[in-house]
Amino acid sequence: MSQIDAFLLDRGEPADSRPWFVYLFALTDCSAFKVGFSCNPLQRICTFTRRYFELFDLQQSLLLELPHRELARALEAMIKTEFAAHRAQAPAWVPLEAGGHTEWFSAVYFGEAEARLRACIVPPANVSSAFDAFRAQLERLSAPFEAWAAAQGQRAYDSWSSARRGYAVRDHVAPLRDWLDAYRYFDLPLFVDEPQALALIRQSARLSSG
């Protein structure tokens, strides 16, 4: 299972017609922050870890919405250049395939980076916390997530059953468990009309295929 799970994949309008975001992702251990730009910051942070809600301080982390990719790219480049002397190492848990390992900076300078971000606002741009933005996005994704979670729950149960019979199987539990925990972290309800379905999926997420 990829770090980017199926329900998070973009649907609808092409990327060039969507707003773009410059982001400052602050780590919860107060060691560093990540600078970057993306048309889907939630998808981007998931390339670092699906446990992003534990390892990043989402209340402190910021997203600046901009109408064009060129503006986002230019602002990101300006911030990275201005703070180049304060680069920090990427956390060891960030996979190499995620990229962006040179775009981490000492947390001491987060306040200055935030000031620079806010000083560059041009209408109709706006700044929001990553917590608020991600919560709203996951709320909009609730329906596709529920369909994905139901399918993953069944796959997890099938894998567990096969493992008990001695077959080698893939682990479908971890991604499901991570996303259920994310929805719990944001206090977003799931399967409101089917509480039994949610209970079964949560039970599947606790299964071990090992």
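Scan (1) closer than 17 Å to residue 62 by Cα; (2) at pLDDT below 95 for the single condition residue 146 breaks and write down its number.
Answer for residue 146: the failing condition is (1).
Please pick out the residue among 64, 75, 117 that is more than 30 Å from residue 194 (Cα to Cα) and not in a helix (DSSP H, G or I).
64
Any residue in region 102-118 that is of a type in the set (A, V, I, L, M, F, W, C), modelled with pLDDT under 90, within 21 Å of residue 45 (Cα to Cα) and surrounded by 15 or more Cβ atoms within 10 Å (Cβ to Cβ)?
no
Scan (1) touching a residue at least 40 places away in the same chain (Cβ under 8 Å); (2) among the charged types (D, E, K, R); (3) surrounded by 14 or more Cβ atoms within 10 Å (Cβ to Cβ) for the single condition residue 87 breaks and write down its number.
Here residue 87 clears every test but (1).
Among the residues of region 122-135, are any of a type in the set (Phe, Trp, Tyr) and modelled with pLDDT of 95 or more?
Yes.
The values are calculated or read from the model by the stated rules, or taken from the named source; none is laboratory data. From a predicted model like this one, the values you see are computed outputs, not experimental measurements. Neighbour counts are summed over all protein chains in view; Cβ atoms, including those assigned to glycine, are modelled from backbone coordinates with ideal geometry.
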